[in-house]
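Novice: Let me give you the structure first, and then I'll get to my questions.
FYI, it's all coordinate maths here, none of it is from the lab. Quick caveat: nothing in here was measured; it's all calculated off a predicted structure. As a convention, Cβ positions derive from the backbone with ideal geometry for all residues, glycine included, and neighbour counts pool all protein chains shown.
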Amino acid sequence: MSSADPAALPNSPHARDKAYALHPYTNARAHERRGPTVIESGKGIYVRDDQGNEYIEGLAGLWSVAVGFGEERLVEAAAAQMRRLPYYHSFSHKANNPAIDLAEKVASLAPAGLNRVFFANSGSEANDTVVKLLWYFNNARGRPQKKKIISRIRGYHGITVASGSMTGLPWNHRDFDLPLPNFLHTACPHHYRHAWEGESEEEFASRLAGQLEQLILAEGPATIAAFIGEPVMGAGGVLVPPRTYWQKVQAVCRKYDVLIIADEVITGFGRTGRMFGCELFDIKPDMLVLSKQITSSYLPLSAIVISDELYAGIADNSDRLGNFGHGFTTSGHPVATAVALENIRIIEEDGLVANAAAMGERLQAGLGELRDHPMVGEVRGVGLIAAVELVADPATKRAFDPLGKVGAAFFERGHGHGLIVRAVQDSIALCPPLIINAEQVDEVLKRFRLTLDDTYTWSRENFA
Ligand code: PMP
């Protein structure tokens, strides 16, 4: 242990973190050995740790800090609202002005026909609410058997018991006794990994829509409530579906009266170069799920926007039962909603959606130049969200064995080059703040390339 080791002092934050914290999404024993990276401050696209190292936050935190770090307007919005009314709830007909204004704003931005907004705190809570609204609605409509929900393998919808059941990733299920019954998973629209030899994107999309139809028929259409998907899959590895995939999926869902839920927790508020990912693929959802960039994650907040028809069914049922027995202590929190309003104002005033489109093109083009690198299998993305899949042999698409070690090595080496990324197994995700400029995109690309070369050298020694 060198004297520079930040954990050397028994009372250091590093030592205390190792002693007291159980970290989300972290190998706990590895954390005891490695210790934390303690992030102390942030400005724009940069964050700084307690050792004085500066990093480009290449994932905008967790795909979420749209306006960058240190945005004073959000600090001011929070402080002003804290002084006026730091908290109030929305139960029993109570309302507060920021929550009213935000509901109106979100409804005005959302796709046509989605006009009612329910607030929660996280993406997972929002998706749990989605499940409960679907069940409540179908009970109210006298269809108590129509309860199953279909999501995709590698889809990500959260980690609570119901949202974790919709998530289609093994590490969210294994040893957690998930998924619950009645949560079904269909194929993942990742052409590079799952298309047959010679199958075009169009043919692949048709085959997947056909599989979805077979699943619905096998289970019985009268038992399927909804299909949920991210327009562009994020946490599962940034998977952009074939261009016609959503049209084909929507047609199948409509045919069997299966509602469509667009989980835009990552794609919402400009990430793909459009305000919502639904616009990219002409998705017409019955519910839209939002979080993360709604406040740039300065405060926890999520929103579900529902169709007029769903609202009518839910409202009538609450009238029949005398109550709507669902809601969180902090639903419509005045400080979180005030921050969201100011954050959306910044996104609009500063043209951050258009910036994401322009800077996204630059980022995607720059990453595209890595296609010839001897460790790069696929480069994919849209707008300011992208991933580079690292493979043992690009010619055959052969993955590294075991999966994930090279991705983890890239992640750690990135820190050395001042770049924070996310490794989804061996796919390296980038998702920088929407405020990024051209020079900064080039700097991300430069640091990415350096990390890639370093990791390649390491992999040659360790994966001969
Ligand atoms: N849905 C999607 C599409 C997500 O990406 C995430 C988080 N990465 C969630 C839901 C869950 O959000 P949270 O972590 O806030 O519960």
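Novice: Where both partners of a DSSP beta bridge lie in segment 73-349, what percent of those bridges are antiparallel, to the nearest 5?
Specialist: The antiparallel fraction comes to roughly 45 percent.
Novice: Calculate the dipole size of segment 73-349 relative to its Cα centre from +1 charges on Lys and Arg beta carbons and -1 charges on Asp and Glu beta carbons; express the result in debye to the nearest 20.
Specialist: About 420 debye.
Novice: Could you list which residues have their amide H under 5 Å from that of Phe227, counting only those 5 or more apart in sequence or on another chain, with H placed in the peptide plane?
Specialist: Distant-sequence amide H within range of Phe227: Ile150, Leu259, Ile260, Ile261.
Novice: Among Leu169, Gly277, Leu85, whose Cα sits farthest toward the positive end of the charge dipole of segment 73-349 (+1 at Cβ of Lys/Arg, -1 at Cβ of Asp/Glu, about the Cα centre)?
Specialist: It is Leu85.
Novice: Which of the peptides 245-256, 363-374 is most tightly packed, and how do the rest follow, going by the mean number of other Cβ atoms within 10 Å of each residue?
Specialist: Descending mean neighbour count gives 245-256, 363-374.
Novice: Okay, next question. When only Cα pairs under 8 Å and 6 or more residues apart are kept, what is the percent relative contact order across segment 73-349?
Specialist: 29 percent
Novice: In addition: Would you mind putting 133-141, 285-293, 328-336 in packing order, based on average other-beta-carbon counts within 10 Å, highest first?
Specialist: Top to bottom by mean Cβ count within 10 Å: 285-293, 328-336, 133-141.
Novice: Relative contact order for the chain: what percent, with Cα pairs under 8 Å and sequence separation of 6 or more?
Specialist: In percent, rounded to a whole number, it is 19.
Novice: Related question: Using unit Cβ charges (K, R positive; D, E negative) and no other charged atoms, how large, in debye to the nearest 20, is the dipole of the chain about its Cα centre?
Specialist: The dipole magnitude comes to about 1000 debye.
Novice: Further question: In the chain, which whole DSSP H runs stretch at least 15 Å along their own axis (Cα) and average -0.5 or higher on the Kyte-Doolittle scale?
Specialist: Helices meeting the span and hydropathy rule in the chain are 97-109, 123-140, 201-219, 334-349, 352-368, 405-416.
Novice: Could the peptides 273-284, 337-348, 188-199, 97-108 be put in order, highest first, of the mean number of other beta-carbon atoms found within 10 Å of their residues?
Specialist: Per-residue Cβ counts within 10 Å, averaged per peptide and sorted highest first, yield 337-348, 273-284, 97-108, 188-199.
Novice: Another one. What size of dipole, in debye to the nearest 20, comes out for segment 265-390 about its Cα centre when the only charges are +1 on Lys and Arg C-beta atoms and -1 on Asp and Glu C-beta atoms?
Specialist: It comes to approximately 260 debye.
Novice: While we're here: Lys and Arg at +1, Asp and Glu at -1: add these up for the other residues within a Cβ distance under 13 Å of Pro231 and post the number.
Specialist: Around Pro231, the surrounding residues sum to 0.
Novice: Let me ask something else about it. All other residues with a Cβ under 13 Å from the Cβ of Ala386 taken together, and with Lys, Arg as +1 and Asp, Glu as -1, what is their net charge?
Specialist: +1
Novice: Under 12 Å from the Cβ of Ala438, count the other residues' Cβ atoms, weight Lys and Arg +1, Asp and Glu -1, and hand me the total.
Specialist: Counting the neighbours of Ala438, the net charge comes to -3.
Novice: Can you pull a Stokes-Einstein diffusion coefficient for the chain at 20 °C (1.002 mPa s), Rh from Kirkwood over Cα pairs, as a whole number of µm²/s?
Specialist: It diffuses with D of about 92 µm²/s by this estimate.
Novice: Once Lys and Arg get +1 and Asp and Glu get -1 on their Cβ, which of Val106, Gly383, His191 lies farthest toward the positive end of the dipole of the chain?
Specialist: Val106
Novice: Have a look at the DSSP beta bridges in the chain and tell me what percent are antiparallel, nearest 5.
Specialist: Once the DSSP bridges in the chain are tallied, antiparallel ones form about 65 percent.
Novice: Also, I was wondering about something else. Using a Cα-Cα cut-off of under 26 Å, which lysines could be cross-linked to Lys397, ignoring same-chain neighbours fewer than 8 residues away?
Specialist: List returned: Lys405, Lys446.
Novice: Modelled label-to-label distance, Arg460 and Gln145, 7 Å Cα→beta-carbon offset: nm?
Specialist: 6.3 nm
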